[in-house]
Structures are given as C-alpha cells and as structure tokens.
Number of protein chains: 2
Amino acid sequence: MIKNIGFIGLGIMGTPMAGHLLKAGYRVCVYDVAAVQREKLVAQGAIGAGSPKEAAQSAEVIITMLPASAIVEAVVLGENGVLGAMEKGAILIDMSTTSITTTKKIAAAIEKAGLVMLDAPVSGGDVGAIEATLSIMVGGPEAAFQKVLPVLQKMGRNVTHIGGAGSGQVAKACNQVVVAMTIQAVGEALVFAKKNGADPAKIREAMMGGFAQSRVLELHGQRMIEHNFIPGGKVRLHQKDLDIVLEAAKDVGVYMPGTALVSQIWNSLAAMGGLDWDHSAIVRGIELLSQTQL
Amino acid sequence: MIKNIGFIGLGIMGTPMAGHLLKAGYRVCVYDVAAVQREKLVAQGAIGAGSPKEAAQSAEVIITMLPASAIVEAVVLGENGVLGAMEKGAILIDMSTTSITTTKKIAAAIEKAGLVMLDAPVSGGDVGAIEATLSIMVGGPEAAFQKVLPVLQKMGRNVTHIGGAGSGQVAKACNQVVVAMTIQAVGEALVFAKKNGADPAKIREAMMGGFAQSRVLELHGQRMIEHNFIPGGKVRLHQKDLDIVLEAAKDVGVYMPGTALVSQIWNSLAAMGGLDWDHSAIVRGIELLSQTQL
C-alpha cells in the first residue's frame, strides 16, 4: 500500500492533481520552484520540501509534473535531484509531456540504479486536472503500473498501460497529433461553411451525428463559433508537443505532412500574439487568410 | 401525405434507400441507366420507369441519388428530365453529393418553374444506407423540409435542416473535409506509434478516452490496424468530394491548406491503384513514405 507521495511541479496541472492525492488521504510532500505554489498545497495539508530531493525522501511514489523535458531531466538526474533520494522499491512517475528521447534516457538511468520509472503523460487539460478526469497514458513495467494504479486513478478516469518505457509519451504524442489536425479540420470546415453562406452552428450540429463526430468538433468547434479562446489547452503547450513529435519523427523516420502543417500554423498564432490563446484559435489564421470571421 | 415517390439512381446507395421506402409502404417508381438495377427494385415491388421523366410522373416527391454533378444536371434539366414531368406541389430531393454551384443552379431552375428542390446529401456510406442510419443534411425551404421529413426518416437517423438552397451540400462538404483530415491525422499518429515501438492498437484505445476521440479514430483507426481497406467509403468518392470543396473554396476564397494536402494524398492512392480502396487507406501512403507497415 502506497502512503507517502512526493509531488514536484505545482503549476496549473500539478496543483489540482496534488490536491486530489491529499484529499484521498495520502501523505504528500510537495516541491515547486515557486514558494507561493508550495504554500497553497501546504495550506491544504501537504508537507513543503526545499528541493526535489527532499520531496522524494521516504516516498514510495514520486510524481513529476513539469513544463519541459530539460526541467524533468534536471529535477530527476541533477544535483539535489530525485534520483539521489529514491529508496529501494520507490517508483518515479513522470506525468509531464516530455520528449521520447529524454524519457527513455531518464528511464535508463533510473533502471541502472535498480529503481523503476513510469512515463505517464496526461490529456484533458486543466479542466481534466481539476475534475480528476484526465486520460493518463502509461509506459514502463506492468508490475509498477499495477502498483501505482490506485494513485493514478485519484487524478484521472482513463488510465491505460500502453507498453514499455517511453510508450506513454508516444501515446501522448499521438494524441496531440490527432487533436491538432482535427482542430485544423474543424476550423477549415466552419470557415468554409461561413463563406458559403451556411450557419456554422447548424453545420457543427449536423456533423456531430455522422462520421465527422469528434470531441474536438464538439468542444473546440463550439469555442470557434463563440470565438472563445480563453484556455483551455494553450497554443504554447500544443506547439511544444508538436515540436516533440516532429523531433521524434525525424529521429525514427516518420512522414507527417499534416502534423508539420499544423506546427507551422502555431507559428502564425505566435505572430498574432496568441501563444496563450486556446488551441482552437487555429481558426483565427484560417479566418485571417479567408478574410472572414465566424 | 406523400404516397408516390420517384427514385432515380440505383447504385450502392440508392438501391437500399429505395428499398426502405418500398418497405415503408410508398409507391416507388424507379429509374437507373442500368436495367439490371431497376429489375432488382421491381422484384421488391417497385414500378420500373424508362426515363427520369417517367419516374417523376405523378410523384409528389422525386429523389435523385447520382454519382456526379453533371449527371444530376442532365437528369433534372436535360431532355426527358425530371423537370419536364414535375407537377405543381412536387418536391425534388437531390440526395447526391454535388457541387454547390450546380446545386444552386438546379435549385434556381426548379424555383423558376414554380416548384421546390431540396439538396439533401448524406453521410454514412453504404452501411448507413443499408441500415437506414444515414445522416442527411438538408438545404432549401423549411416548409418543404417539414413535408418530406417522414420520407427522409425512412432512410436516415440524423436528418437536419441546415438552411437555404445549397446549404445541405455545404454541410456535406464540411463533413468530408473533417473526415478526410481526421483520417490523415489518425494515419500519421498510428504510423508514428509503430515506428516508435508502441502498439498502435493500444494507442488507439488510449486515445479513444480523451480529446482525440472521434468516429474516425474508432472505425477507420481500427481498419488501419487490421489493414482492412475493403470499402466502406471509397477513395474515389472522397476524392470527388474534396474536388467539389476545393472548387467552392476557390470560388468564394477560403484558405484550406489541410484539405488541399489530403486531396494530394488521394492522388498518391490513385498512383497505387487504390481508388476503390476504403478511404482509411490514406495510411498506406504514410506507411510507404515512412517505410513501415501497421
């Protein structure tokens, strides 16, 4: 039975996730570079730590939820890092979205030390984190997955074991490819509808009943029609995710013309000052180049 | 109450659709250029006609289900065409997928003659036609839509009135854009998964629980994993549909880079001799250029 959890990274995602673990009765020791973030969790009953290493001490499970591959690497393998404090039998769960190469590198270092790491990135955004309805895609040893499953289920609804080390990150990468291109698809379709004199809201409704149905059409389609680009899933993060995908695609040789196209469209949103808009704002580029607005 | 229906075009879609109307108790007069197709329906109780005009005579509703815009135009406006036989109050329902320009042109000619046309293209393929579960997107006058709704509901499950003349075709065009790009998205993601050493079936399953969920991921994703490209929805027809979209996009000025990309990919499938494969075969191009197979 897991009782002690170290939780590192208390941003928009990590804060509610760590909160769910506290509510579930775990002893949670938290760390974030921002003291104010740690204090929020301490006020909810967490123990504050002064370093990643301190957060990892005496924990059976250490969770990292960080914004970039390099930060995960520093937090785990760097000075005062998690690896220096992990005890025999402890399991590191990296829930950040990181590059597949970095994940495999960290997993190898952890394994070399006789310990276990799972890569367990999530889908569902801040709403999913707050409502504990995240999809969690897990790579790494099956036995470790089974052991930490009750912990993961406190934060998410669809928790799937994909396969060996790195495969959680592969699943997340695939997810981001499909979501990005589907947003682009819905954006092109709704602008097409508008410019051809049809009501985009009616078209969305009709499409929901057929082969074009998707969660993206439902949620992001509605956002486009309302021109509501308050995030939600930020362009900035999705841009980072497609960078990871295209880097891995380059490494292993995968032909991804649609993904590459959307990654260029993120650049146009950056040009519009829209990196912190919701990713459904893809439609603004289509609108701009079609000289219309939904 | 509608009792007499003329039905023109008895292909893979029209045959089961006309069959449902017969089963529902309508008197259906059928025409197709292929006598053998007419005879199939006559064996089920239909009346055979020798021309589109003959099929339209004494019908309160005339349905066309034809493979190309030019054929619809010839069948409706040409010699021995439907228009010559339509009686006052009769409603023409074109359920073919035709160009928006052609649809508006035919609708205008019908209107000029004091008659009514609805454009009512469908989504759902041959399976939807056989199971009477088609999505039907309807453009044209609301009163006519309400009048023929019971007839349409014999063939489909989601019957939506979108707006004025041509808007059914606009909705269908949008549908085909979203479906095409979502297939491409799923294809890129699954090949990426495979080449990164993860199990595409597991990845599909995990994605079904999150924002990447779609009917395309569910159905076409499964086809890709099984390498089952028996149609279903043929590349040939989807290629035609995107031609219609890109023509209309050019006419009114819509920026559709993703749609244009997929329309090029249809060309690569043509090069592989795959025009009669299921449209999920998009993945074969991605596989070929990534030197792998799901």
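The values are calculated or read from the model by the stated rules, or taken from the named source; none is laboratory data. Since the structure is predicted, the reported quantities are computational estimates derived from the model, not experimental observations. Cβ coordinates were reconstructed from backbone atoms using ideal geometry, including for glycine residues, and neighbour counts include every protein chain displayed. For the accessible areas, the whole protein counts, side chains as well, though only heavy atoms, and no ligand, DNA or RNA atoms are used. Shrake-Rupley method; radii C 1.70, N 1.55, O 1.52, S 1.80 Å.
The table that follows gives values for the structure above.
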read-out: Test for B:V254: is it surrounded by 23 or more Cβ atoms within 10 Å (Cβ to Cβ), modelled with pLDDT of 95 or more and not in a helix (DSSP H, G or I); value: yes
read-out: Residue among B:M155, B:M95, B:M137 that is within 12 Å of chain A (Cβ to nearest Cβ) and within 17 Å of the chain's Cα centre (by Cα); value: B:M137
read-out: Complete set of residues in region A:82-116 that are buried (at least 21 other Cβ atoms within 10 Å of the Cβ), of a type in the set (A, V, I, L, M) and part of a helix (DSSP H, G or I); value: A:V82, A:L83, A:I100, A:I106, A:A107, A:I110
read-out: Residues within region B:272-294 that are among the polar types (S, T, N, Q) and assigned to a helix (DSSP H, G or I), tallied; value: 2
read-out: Those residues of region B:133-147 which are touching a Leu at 6+ places or on another chain (Cβ under 6 Å) and part of a loop (DSSP other than H, G, I, E, B), in sequence order; value: B:G140
read-out: Test for B:A260: is it in a helix (DSSP H, G or I) and touching a Phe, Trp or Tyr at 6+ places or on another chain (Cβ under 7 Å); value: no
read-out: Failed item, numbered, when A:D241 is tested on (1) of a type in the set (D, E); (2) in contact (Cβ under 8 Å) with a residue 40 or more places away in the chain; (3) at the interface with chain B (Cβ under 7 Å from one of its Cβ atoms); value: (3)
read-out: Test: residue in region B:158-168 that is closer than 25 Å to B:K3 by Cβ, in contact with a Ser or Thr (Cβ under 7 Å, 6 or more places away or on another chain) and open to solvent by 20 Å² or more (accessible area, probe 1.4 Å); value: no
read-out: Residue under evaluation B:D276, criteria (1) surrounded by 15 or more Cβ atoms within 10 Å (Cβ to Cβ); (2) in contact with a strand residue (DSSP E or B) (Cβ under 9 Å, 6 or more places away or on another chain); (3) not β-branched (V, I, T), criterion not met; value: (1)
read-out: Qualifying residue in region B:119-132 (condition: farther than 15 Å from A:Q213 by Cα, part of a strand (DSSP E or B), more than 7 Å from chain A (Cβ to nearest Cβ) and charged (D, E, K, R)); value: yes
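Table: residues versus (1) within 7 Å of another protein chain (Cβ to nearest Cβ); (2) among the aromatic types (F, W, Y); (3) part of a loop (DSSP other than H, G, I, E, B).
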| position | (1), (2), (3) |
| --- | --- |
| A:A185 | yes, no, no |
| A:A189 | yes, no, no |
| A:K194 | no, no, no |
| A:A198 | yes, no, yes |
| A:K202 | yes, no, no |
| A:E205 | yes, no, no |
| A:L217 | yes, no, no |
| A:G221 | no, no, no |
